[in-house]
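The values are calculated or read from the model by the stated rules, or taken from the named source; none is laboratory data. This one's a predicted model, so the numbers in the text were calculated from it and none came from an experiment. Cβ placement follows ideal geometry from the backbone for every residue including glycine, while neighbour counts extend to all protein chains displayed.
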Amino acid sequence: MAGWARSGGIAALLAVVAAESWGADEVGVRWPQFRGPQGSGVAATGTFPTPFGQDTNLWWKVALPSGHSSPVLWGDALFVTGYTEPEFHTLCLDARSGATRWQRQVVAHQVERGSGLSSPAAPTSCTDGQRVFSYFGPFGVVCYDFAGREIWRRPLPEPSTQHGVGSSPVLAGGCVILLRDQDVGSHLLALDQATGEVRWRAERPEFRRGFSTPLVVEEVVVAPGTLRAVAYRARDGQEMWRVAGLPNEMCASAVAGNGLIYCGGWTSGSGVPRMPDFDSLLRAGDQNGDGRLTREEMPQGPGRQHFHYADADRDDVLTRRSTSSSPRFSTGRRTRCWPSARRRAGRRPELRRWSGAMRVGFPMCPRRCCIATGFIC
């Protein structure tokens, strides 16, 4: 909790910049999820000012509870979330004036201690134009109508990720889709939009912690994660295809354009030396012969350096079972890696991979690719 408290010491500010073509009659635009329509990060129409700041091209500004989520917009209703211990807030603001229309709270009594760089209110809400769906890792999902009336809530156990939850909900096939990759028990979850009931759950046992938001393309949900991306059928969670070539932890989300799906990872493999196998670690460090390894018993090297990551169940002891989901780290240069998959209905896609000449990986932050007139940005 202390880590989160530090990140919430300063009130967040939401600023709406005044665009020349975005007057009172044009507040009816829709930005319904993280990074907008289809998760592309691209607004189809409108012109926006390049310079803006505290006193330049500013329409209105309001103080908010702390949080890292982005606002979503439907017509003149703007939704954003925040956190003030122990409450998780969903706010509806008037997009024209910034006035608060309503503010609702839910409470989670236990929050995973974070790194201090993130926030328990990191995921961005999504909306279908009638309801807004807010996801908080320590709580679960809560659904409100546009008047602020709670329609349903679905409490969920908090994923164990060390850094908190970063993936935002998306809508597909009449469901709220949640990518809940974590150190033990990763899965893709679909909740009924109308009732919050679980429609399906796709287990991802080979995946560790991840922070990507899933991409929906033609009723297919693409979920990047540990060393690979997997596509699922939106109506029932059936796996359709998978491709390899991603890092051990994914922060950036996939994007679609030009008939392709692009996943940008910070490196290919993990960017760290290959981990020794568990039997080798036991032979070198198991001093009492109990078939387990404490941090003190762990031999010097990658095993000790990455002990916390390998200890998936957080009991300060490594066993064969607790390390079984750890990816076998690959060696090699850190390069920019662009796995992409050509979309082909119902079939495994053609995989294309580019590794750029630059020897610097992508930042480990939730930024994604953007497709612009033949270029990947």
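Observations on the structure shown:
- Checking V80 against (1) under 14 Å from V132 (Cβ atoms); (2) in a strand (DSSP E or B); (3) at pLDDT below 95, the condition it does not meet: (3)
- Cβ-Cβ under 6 Å pairs, at least 6 apart or on other chains, region 31-47 side closer than 17 Å to L260 by Cβ, far side at pLDDT 90 or above: G39/L215; G41/R35
- Of the residues G46, G41, the single one that is on the phi > 0 side of the Ramachandran plot, part of a loop (DSSP other than H, G, I, E, B) and either exposed (fewer than 14 other Cβ atoms within 10 Å of the Cβ) or among the β-branched types (V, I, T) (or both) is G46.
- Cross-chain or 6+ apart pairs with Cβ under 9 Å, region 157-178 first and over 19 Å from A190 (Cβ atoms), then surrounded by fewer than 18 Cβ atoms within 10 Å (Cβ to Cβ) and at pLDDT 85 or above: S160/G185
- Test: L117 is out of contact with any Asp or Glu (no Cβ under 8 Å at 6 or more places or on another chain) and at negative phi: yes
- When restricted to residues that are exposed (fewer than 14 other Cβ atoms within 10 Å of the Cβ), in contact with a Lys or Arg (Cβ under 8 Å, 6 or more places away or on another chain) and free of Cβ contacts under 8 Å to residues at least 60 places away in the same chain, region 93-145 contains 1.
- Condition check for S97: more than 30 Å from G185 (Cα to Cα) and either outside any strand (DSSP E or B) or among the basic types (K, R) (or both): yes
- When every residue of region 31-49 is checked against the conditions, none turns out to be modelled with pLDDT of 95 or more and farther than 18 Å from S168 by Cα.
- Hey, A63 assigned by TED's automatic domain parsing to the domain that holds R104, out of contact with any Asp or Glu (no Cβ under 6 Å at 6 or more places or on another chain) and modelled with pLDDT under 95 or not: yes
- For R295, the criteria (1) at pLDDT below 80; (2) in contact with a helix residue (DSSP H, G or I) (Cβ under 9 Å, 6 or more places away or on another chain); (3) exposed (fewer than 13 other Cβ atoms within 10 Å of the Cβ); (4) not aromatic (F, W, Y) hold in every case but one, which is (3).
- The listed residue being of a type in the set (D, E), buried (at least 20 other Cβ atoms within 10 Å of the Cβ) and not assigned by TED's automatic domain parsing to the domain that holds T127, out of E197, E249: E249
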